[in-house]
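The values are calculated or read from the model by the stated rules, or taken from the named source; none is laboratory data. For clarity, every value in this text was computed on a predicted model and none was experimentally measured. Ideal geometry is used to build each Cβ from the backbone, glycine not excepted, and the neighbour counts take in all protein chains shown.
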Amino acid sequence: MELLGYFLDALTPFNLMLALMGVILGTVIGALPGLSATMAVAVLVPFTFTMEPASGLIALGAIYTGAIYGGAFAAILVNTPGTPSAIATTFDGYPMARRGDGGLAITLANLASVFGGLVGAIALLLLAPPLAKVALVFGPPEYFWLAVFGLTLISALSVGNTLKGLVGACLGLMLSMVGVAVVGGDVRYTLDIPAFLGGIDITSALIGLYCVPVILDLVSTRAAHLKVNTDVAKGGMRLREAMGIAWRSKFNVVRSSVIGTVVGILPGAGGSIAGLVSYTEARRSSKYSANFGKGEPDGVIATEAANNATVGGGFIPTLVLGIPGTPPDAIILGALLVQGIKIGPALFNDETQVVYTFIFGLLIATVLMLPTGLLIGRYAYKSVVSFPKSLLVPTVAFMTVVGSFAIHSNIQDTQMMFGLGVMAWVLNRYGFAPSPIVLGLVLGPIAEQGFVQSYLIGNATDNISGMFFGRPISIGIIFAALLTLGYPFFTEWRARKREVQPLTERAMDAKAHPANLQPKSATPDAPRGLDAGAILLAVLFAALGIMAYVATDAMSPMGAVFPATISVLLVVFSIGLVIFVLLRKGNPSDKGDPAASTTRRILLTIIFGLWVFLIPVLGFFVAGLAAFGTMMVLAEHESRPAKTWLIRTITAVAVVAGFWWMMADVLLLRMPMGLFF
């Protein structure tokens, strides 16, 4: 009966209003690339200090869960994760949108997010104290192997290009080591540039690696950015069809929700790892594994169910142990402390009313996400589809600049975002996907800290091998990692016994593989060329690895052990890639759409570069308005009447001024003024 009373407390009109407004605000903020769930919670925390603790927690929890779901919008519609937890949503969500199923993808994301969120919140309600004890068992070795297990997911992210995926993961790990070492305090790979001392911001890197290549490709062709689906054009989101798909994939939904809850319990893991792990498991068990990465609905379902389940799971160690499971949890933990609430094992006894009212409020907010998410998604998809490309390109570019700058009010983050974005476009052109790089960048600090701490403890106890290979949980994680790495090769063997499309490089060479099926107009026996671009990049990466290894001579033993290991692996994998390409003599990497305009790409790159580097000189508003207008003209492929250009000019001014006002007066960010403003 007590629980019923707490449920009724959560149902008061004020708490319901907070839950509804929180979900709406969180969804909108999460849909904007760079404005993550962490930022949404951090910005709105001060507004909760005047509320009752339970009401303030409900508002923050609703914003958090809404932002995690909102990240799927940008991931599906413009191939850019709105939040880091939506990384894996891009793999199949954007291909679905490209073929006209964007509305279906958003509806599937909504249904999966709601179910995953409910599973996480129910776990928080029923299993918080016993499940929190699991997190206490994890020490440095377990976190190291958990990060290694995460890195083995490149077998899922690099189908047909595992060696390139391994090279990309090593590049991401090298990027994660720029700045001050997480253990030992060594300053590494900064090139004597002060801006690199703080390392490379993950959110800025995400925006650059995923969004900038899309912008460059959008401007280069006359084709529409997304196909218009007739059902969506008439106002439907294909809800009945989505519910049918979700019901057929019910085991995938439940499994992914459980994975998200368990990963959320582990401090520091978060939604990005949960989404990648559940995506891998969904592909592993699917009869249509070869379709993943090409617009498979199960990929969207798995990711979105898992990352929203981490919301409830992450609150378990936060509330019971005082250990935040994710960055937003850390901010909410701080808000609780400001309210005078003592966090720890006694919380559920001392502050029962606050805790259980909050948990029921989180459940209510998750349920409210179903109608609000569908309503927002319906109009979001229609808006993006009907949005002129000449306005879409500069708007998305402007959001990348806003998102990367707003994190730390640091223009160097924006410049880094642009540089990584151009690099990602070049690498992607030669078969190096951005996802393994992002995975290495995200998991690098966790892997290094666990590795170095385990090494030090093992060395002190004269039992290094026992620290890494003698603990039961570590052995289980190692076994799971080996299964993940070996799965593509197992599927190739299994393909001989059942109709499953193999996924390894050797199998991709097979004429029967869908990736190699040519259109009828193509020559069936065309000579196979040499992937010279991949060889050149592999040689450059090997040289980079050698230079990085040499640089470890000036580091302390603690600061050098991890960079030296990764440098050697980068050299080995790069040499292996060269040998493989020479022996394979396969088709060269995809050079993109032959109808695309290279000149437009180059011009856009120059404009983008001038924009981010002239912001400190001209000021944020003036530089943004000039770049927006120039990109708008460059992205237009047809002549338009003067009235159209006038409307678009007014739109450009409104967008730039609106974001300026929001950043300067609402978020209270320090804006670079330059010569103007």
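Quick check on this structure: which one of Ser465, Ser454 is in the same structural domain as Ile207 (by TED's automatic domain parsing), more than 30 Å from Leu610 (Cα to Cα) and at pLDDT 85 or above?
Only one candidate passes the filter, namely Ser454.
Give Gly30, Gly66, Gly82 a once-over and let me know the one that is closer than 15 Å to Ser113 by Cβ, at pLDDT 85 or above and buried (at least 24 other Cβ atoms within 10 Å of the Cβ).
Matching residue, one of Gly30, Gly66, Gly82: Gly66.
Given (1) on the phi > 0 side of the Ramachandran plot; (2) under 20 Å from the mean Cα position of the chain (by Cα), identify the lone condition not met by Ala433.
(1)
How many of the residues making up the stretch 437-451 are at pLDDT below 80 and closer than 14 Å to Leu171 by Cβ?
4
Please count how many residues of the stretch 278-309 are at pLDDT 85 or above and not in a helix (DSSP H, G or I).
Residues that pass the stated criteria total 1.
Of all residues being surrounded by fewer than 24 Cβ atoms within 10 Å (Cβ to Cβ) and in contact with a Phe, Trp or Tyr (Cβ under 9 Å, 6 or more places away or on another chain) in the stretch 365-390, which is modelled with the lowest pLDDT? Just the residue, please.
Val384
Given the structure, is Met417 within 19 Å of the chain's Cα centre (by Cα), outside any loop (DSSP other than H, G, I, E, B) and closer than 25 Å to Ile29 by Cα?
In short, yes.
Please determine, by comparing only the residues of the stretch 70-110 that are among the hydroxyl-bearing types (Ser, Thr, Tyr), closer than 21 Å to Gly208 by Cα and in a helix (DSSP H, G or I), which one is nearest to the chain's Cα centre (by Cα).
Ser85
The rows are residues; the columns are (1) in a helix (DSSP H, G or I); (2) modelled with pLDDT under 80.
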position	(1), (2)
Thr50	no, yes
Ser55	yes, no
Ala112	yes, no
Phe115	yes, no
Leu124	yes, no
Pro130	yes, yes
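So that you can scan it fast, the table gives a plain yes or no per residue for (1) under 20 Å from Ile602 (Cα atoms); (2) assigned by TED's automatic domain parsing to the domain that holds Leu604; (3) outside any helix (DSSP H, G or I):
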position	(1), (2), (3)
Pro616	no, yes, no
Ala623	yes, yes, no
Arg640	no, yes, yes
Lys643	no, yes, no
Thr649	no, yes, no
Val653	no, yes, no
Ala657	no, yes, no
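Please go through the stretch 182-206 and pick out each residue that is part of a helix (DSSP H, G or I) and under 23 Å from Ala447 (Cα atoms).
Listed by number, the residues that qualify are Phe196, Ile202, Thr203, Ser204, Ala205, Leu206.
Against the condition assigned by TED's automatic domain parsing to the domain that holds Lys250, modelled with pLDDT under 75 and within 16 Å of the chain's Cα centre (by Cα), how does Ala37 come out, does it pass?
Yes, satisfied.
Only one of these is touching a residue at least 24 places away in the same chain (Cβ under 8 Å), part of a helix (DSSP H, G or I) and more than 20 Å from the chain's Cα centre (by Cα): Leu218, Leu173. Name it.
The unique qualifying residue is Leu218.
Could you identify the single residue in Phe358, Phe348 that is surrounded by 23 or more Cβ atoms within 10 Å (Cβ to Cβ), of a type in the set (Phe, Trp, Tyr) and either assigned by TED's automatic domain parsing to the domain that holds Thr48 or at pLDDT 80 or above (or both)?
Phe358 is the lone residue from the list that is surrounded by 23 or more Cβ atoms within 10 Å (Cβ to Cβ), of a type in the set (Phe, Trp, Tyr) and either assigned by TED's automatic domain parsing to the domain that holds Thr48 or at pLDDT 80 or above (or both).
How many residues does the stretch 439-477 contain that are under 31 Å from the mean Cα position of the chain (by Cα) and at positive phi?
0
Looking only at the stretch 431-477, count every residue that is of a type outside the set (D, E, K, R) and surrounded by fewer than 18 Cβ atoms within 10 Å (Cβ to Cβ) and tell me the total.
Going through the stretch 431-477 one residue at a time, the tally reaches 14.
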